[in-house]
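Before I ask anything, let me first share the structure, which is written out below as structure tokens.
The values are calculated or read from the model by the stated rules, or taken from the named source; none is laboratory data. In this text, all values refer to a predicted model and were calculated from it rather than measured experimentally. Reconstructed Cβ throughout: ideal geometry from the backbone, glycine too, with neighbour counts over all protein chains shown. Please note that ligands, DNA and RNA were not included when accessible areas were found on the heavy atoms of the full protein model with its side chains. Shrake-Rupley method; radii C 1.70, N 1.55, O 1.52, S 1.80 Å.
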Amino acid sequence: MEKQLSKQREQKRPITTTNAGSPAPSDEYSLTAGPDGPVLLQDAYLNEKLAHFVRERVPDRVYHVKGSGAFGYFEVTEDVSEWTKAAFLNKVGKRTPMLARFSTVAGEEGYPDTDRDVRGFALKFYTEEGNYDLVGNDTPVFFMRDPMKFPDFIHSQERMPDTGLRSNNMQWDYWSLSPESAHQVTFLMSDRGTPRTYRHMNGYGSSTYLWENAAGRKVWVKYHFKTEQGIQNFTDAEAKAMYIEDLDYHRRDLNAAIARKEYPSWRLEMQIMPYEDAANYRFNPFDITKVWPHKDYPTIPIGRMVLDRNPENFFAQIVQAGFEVSNFVPGIGPSPDKMVLGRMFAYGDSQRYRNGANSDQLPVNRPLNEVHNYNKDGQMRFRYNDSQPVYAPNSYGGPQADPQRYHDPGWLVEAGEIMRSAYTLHAEDNDFVQPGNLYRNVLSETDREHLVNNIVTHMSQGVERSIQERALKNYWYPVDPDLGARVAKGLGLTITPESTKSAGKGQSK
Ligand code: NDP
């Protein structure tokens, strides 16, 4: 930025203009009747300047408000044509330009970057077949498995309606009444809840997706973006110390690393499940609160993402960037994961709310290829295809879909009656086995100590006794008796595992 400014300083300065391009009369003075005023209503330039100023903000995202991002590319390193016909993945060495946006979930634009939170990991691939958006997080699982609960969950993380304050009580109330969140909350309360930088965290598609090859063969997949910088986390104390030192630490770090040409990169590794495996897998593979164990489906490296270009204008390229879960390309589609199906509506609609119906026409969002369809008009429309007809069918050469060549990627549905229900239970569906495995088999003793301290600290801040007790009985003891006992001790509670015997069976309804 500084370099750019000093270069500009040396050039001949352009004349200030109105938004319409005509020369502006002054950068300093309003139009007045005499030197002391009054200010005149006919000062069109002043009117325009003030009117534009009060419209500088667009509505914030409702969550994932504070983010940072950068441009780069994705390079294919392995032949994946056996699994998908997606054109941008069809050749080893092929590079596709892309944008990545990382974010916190609950905090607003001025919130500290290093707050304990899940981090958004949203990717846009500008492919030759249109934009492919993969909107994931830095954790492989999520807090719920049904989109009906999503707004309630987000409300519980935000501010109280009466005081305008955030509330740990509200968070633990929601979590302890939603046992399916235990896996994600275990991640969140571990040191992975406070990544050192955006560069030092993994990204996961989290949901399961469908890949289809040119012959129509389908597989289920999960995306894992493994940081090539290595995972690094802050401790709770380090993350909090950083609030004071630098609120924008993650944003600054990403920008600075790219500016000094230390381009962050991630290796894309896929888990691939044969289509037929899903029906009889021991737990529901589409349940986003669970991972697929690596021993069942090992990760296979297929490519690499590199971020090598900072935005030139943060608002135009990062704030206005819109990521839509429903932006797929041929060869990739959703799965029966109810969360991904719900999100296919909500993300596009969020962009329509923030940027208008023509959000996809903004430079950062528009695809590289031409767009032809029958959508018409709307605020801020500036793309149009000459005098192409705006209805179908038509006799005048408008675009025509090719259903033989392009179809919705689907799967066989044996639905039964229309109903509202939890997923059908598989043999080993359980909310606590996987967070228990994480605690017992993956975390080191130091990680476990930090996890216990982080939970105790968080639950000690304004959480009612009854909610603390419920979180122990219905949550931490079922995850692991040792974890429950350590949290109980830290909170000074005398709850024992015996009082929790009935918890943890089956999937929450
Ligand atoms: P594995 O032992 O094969 O995998 C464990 C994985 O956990 C590692 O590969 C690593 O994945 C991740 N991990 C390592 N350290 C930490 C940490 N401190 N905090 C969180 N995650 C860590 O076992 P399974 O595949 O059977 O999984 C066991 C448990 O590990 C799961 O229940 C889940 O909680 C967790 N896990 C599993 C993942 C999966 O996709 N199978 C992914 C991440 C975590 P990575 O390189 O992705 O960080």
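Along the charge dipole of the chain, which of Asn131, Pro409, Leu493 sits closest to the positive end, that is, farthest toward it, with unit charges on the beta carbon of Lys, Arg, Asp and Glu (+1, +1, -1, -1)?
Asn131
Which of Trp266, Gly342, Gln361 sits closest to the plus end of the dipole of the range 247-378, meaning its Cα is farthest towards the positive end, when Lys and Arg get +1 and Asp and Glu get -1 on the C-beta?
Trp266
For the pairs Lys66/Lys240; Lys338/Lys376; Lys85/Lys218, note any where the Cα-Cα span goes beyond 19 Å.
Lys338/Lys376
Under unit Cβ charges (Lys, Arg +1; Asp, Glu -1), what dipole magnitude, rounded to 20 debye, does the range 218-286 have relative to its Cα centre?
Dipole size: approximately 260 debye.
Sticking with this one: Please report the projected area of the range 291-379's Cα convex hull averaged over all directions, in nm².
8.7 nm²
In addition: What is the sum of charges around Tyr111, taking Lys and Arg as +1, Asp and Glu as -1, for the other residues whose C-beta is under 14 Å from the C-beta of Tyr111?
Taking every Cβ under 14 Å from that of Tyr111, the sum is -1.
Still on this structure, I have one more. How much length is gained on full extension from Asp402 to Glu82, taking 0.36 nm per residue of separation minus their Cα-Cα distance?
Gain on stretching Asp402 to Glu82: 112.8 nm.
Taking the solvent-accessible surface of protein heavy atoms with a 1.4 Å probe, what is the per residue accessible area of the chain in Å²?
About 51 Å² of surface per residue is accessible.
Direction-averaged shadow area of the convex hull around the Cα atoms of the range 92-158, nm²?
That works out to 6.7 nm².
Let me ask something else. Along the charge dipole of the range 67-220, which of Asn202, Gly216, Ser81 sits closest to the positive end, that is, farthest toward it, with unit charges on the beta carbon of Lys, Arg, Asp and Glu (+1, +1, -1, -1)?
The residue sitting farthest along the positive end of the dipole is Ser81.
I'd like to compare 291-303, 48-60, 129-141, 203-215: which one has the highest average count of other Cβ atoms within 10 Å, and what's the full order after that? Intermediate values should be presented prior to the final figure.
Values: 291-303: 15.8, 48-60: 10.5, 129-141: 22.8, 203-215: 20.8.
Listed from highest to lowest mean packing, they are 129-141, 203-215, 291-303, 48-60.
Show which lysines lie in cross-link reach of Lys12 when reach means a straight Cα distance below 24 angstrom and same-chain residues fewer than eight apart are skipped.
Cα-Cα hits under 24 Å: Lys3, Lys49.
Related question: May I ask for the equivalent-ellipsoid semi-axes of the range 46-187, computed as the square root of five times each C-alpha gyration tensor eigenvalue and listed largest first in whole Å?
After diagonalising the Cα gyration tensor, the semi-axes are 33, 26, 12 Å.
From the helices alone, meaning DSSP H stretches of at least four residues, give me the mean residue ellipticity at 222 nm for the chain, per-run term -39500 (n - 2.57), in deg cm²/dmol to the nearest 500. Display every interim value, and only then the final one.
Working: 13 runs with 125 residues, N = 509.
Helix-only estimate at 222 nm: -7000 deg cm²/dmol.
Give a residue-ordered list of calculated ³J(HN,Hα) values for the range 120-127 (Karplus: 6.51 cos²θ - 1.76 cosθ + 1.60, θ = phi - 60°; whole Hz; x for Gly, Pro).
Working through the residues one at a time gives x, 9, 9, 10, 10, 9, 8, 8 Hz.
Related question: Can you tell me the mean projection area, over all orientations, of the convex hull of the chain's alpha carbons? Units nm², please.
If you wrap the Cα atoms of the chain in a convex hull and average its projections, you get 30.9 nm².
I'd like the Karplus ³J(HN,Hα) series for the range 276-291: coefficients 6.51, -1.76, 1.60, θ = phi - 60°, whole numbers in Hz, and an x wherever there's a Gly or Pro.
Karplus-based 3J(HN,Hα) across the range 276-291 equals 5, 5, 4, 4, 10, 5, 5, 10, 5, x, 9, 7, 6, 7, 10, 8 Hz.
With all protein chains present, how much of the accessible area of the chain (probe radius 1.4 Å) comes from carbon and sulfur, to the nearest whole percent?
For the chain, the apolar C and S fraction of the accessible surface comes to 53 percent.
If the viscosity is 1.306 mPa s and the temperature 10 °C, what translational diffusion coefficient in µm²/s does Stokes-Einstein give for the range 388-509 when Rh comes from Kirkwood over Cα pairs?
Estimated via Stokes-Einstein, D reaches 84 µm²/s.
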